[in-house]
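All remarks here apply to the structure that follows.
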Ligand code: NAD
Ligand code: UDP
């Protein structure tokens, strides 16, 4: 495939890994990011891994004129929209910042794409739109709700995308609901580089393992799960990235919009994740049991059936590969990029 794609949020964690898969699948990529949560060094590393060049522009997706200028110069066939803010706790304190970035940013991008005649989009949604799921594994037709502004921003954009594809069936939109991405590119050159203290489990464990943080606080050990700790569906970021290639192939093949989960279908407890990471790094990860984190749910994992049927995609990498790759990235890049 030699069409050109616009990738927003391309220097971020999931965007950078997806760019590698897209380039390796033969697509051309134009990368944009406002660098609010990433480094332009990721773009150099994408180029190093793939041997392909990636034009990069520092552009905010809310900047309509900059986007229009760029798309006037480039012949884009589709966009993959990763750009957004993603911290649940920050969103509670700064709801307007989150709605502006994630909702207004998406609307501005959609307007510019529409004006330019581009009608194919892949959107980064999240399992958070399922709120506290009534049953697991979670199927795509489960009820939706949000418990914080971040989740609401994803839900709003999903609804906007539904309205848009109903108003103009020319639009082909893939809404991808990610479960919990973890791991890194196997080269150790790309990975997650959180600013400040990580919120998410895997990067937190990784920073304990490398000696940057003293211990992991386990948020609750009295959940109704096998060992009392929270259960999530951790998916290797390269499997997730590959899911975008499959989603794009489907969008180019069939004139339809769709929404799918990207998860493994397997739930892992916090203590199982810690044990796997200890194997990978060969050292003990000190833990302290702490109170439950407000807003956390006990168990969340995907039904991966729809993605398998619709996209012919499934996650292939194991938990051990995920933590090995995460550890390689963290130990080779203890201070990030
Ligand atoms: P990330 O922060 O590493 O990447 C997002 C990128 O978007 C960053 O490089 C940031 O600088 C950029 N960005 C933010 N606002 C922007 C704006 N207004 N204009 C241009 N660039 C902007 O996060 P990620 O983990 O790679 O997440 C990518 C997408 O996937 C996000 O939309 C996120 O909400 C969604 N998502 C992430 C997770 C997760 O656990 N990582 C789970 C579900 C969904
Ligand atoms: N968690 C934890 N300590 C941490 C971070 C997370 O015990 O420092 C737990 C959290 O309670 C949840 C799981 O790890 O059960 C995954 O949390 P994360 O924030 O990575 O993902 P999310 O809860 O958003 O799915």
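Read-outs throughout are calculated quantities, based only on the coordinates presented, and are distinct from any laboratory measurement. Computed from a predicted structure; not experimentally measured. Cβ placement follows ideal geometry from the backbone for every residue including glycine, while neighbour counts extend to all protein chains displayed.
So the values come out like this:
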{"item": "Extension gain from residue 75 to residue 275, taking 0.36 nm per residue of separation minus the Cα-Cα distance", "result": "67.2 nm"}
{"item": "When the convex hull of its Cα atoms is projected in every direction, mean area for the chain (nm²)", "result": "15.4 nm²"}
{"item": "On Cα atoms only, tilt of 64-73 relative to the major axis of the chain in degrees", "result": "60 degrees"}
{"item": "Alpha-carbon centroid distance for the pair the range 148-205 / the range 66-127, whole angstrom", "result": "12 Å"}
{"item": "Helical contribution to [θ] at 222 nm, DSSP H n ≥ 4, -39,500 (n - 2.57), averaged over the chain, rounded to 500", "result": "-11500 deg cm²/dmol"}
{"item": "DSSP beta bridge pairing in the chain, given as percent antiparallel to the nearest 5", "result": "5 percent"}
{"item": "Fraction of alpha-carbon pairs over 26 Å apart in the range 218-337 - percent", "result": "35 percent"}
{"item": "Average Cα contact separation per residue, the chain, under 8 Å, 6 or more apart, as relative contact order %", "result": "19 percent"}
{"item": "Shape box of the range 93-161 [Cα atoms, principal axes, largest first, Å]", "result": "42, 30, 13"}
{"item": "Burial order of peptide ranges 282-292, 101-111, 131-141 (average beta-carbon count within 10 Å, highest first)", "result": "101-111, 131-141, 282-292"}
{"item": "Taking the C-alpha atoms of the range 134-220, convex hull volume expressed per residue in Å³", "result": "180 Å³"}
{"item": "Acute angle (nearest 10 degrees) that the helix 13-24 long axis makes with the longest principal axis of the chain, alpha-carbon atoms", "result": "60 degrees"}
{"item": "Part-to-part distance (alpha-carbon centres) for the range 38-62 and the range 265-321, which is given in Å", "result": "29 Å"}
{"item": "Ordering of 142-149, 265-272 by packing [mean C-beta count within 10 Å, highest first]", "result": "265-272, 142-149"}
{"item": "Between 0 and 90°, nearest 10: helix 319-332 axis offset from the chain longest Cα axis", "result": "80 degrees"}
{"item": "Relative contact order of the range 178-249, pairs being alpha-carbon contacts under 8 Å that are 6 or more residues apart, as %", "result": "40 percent"}
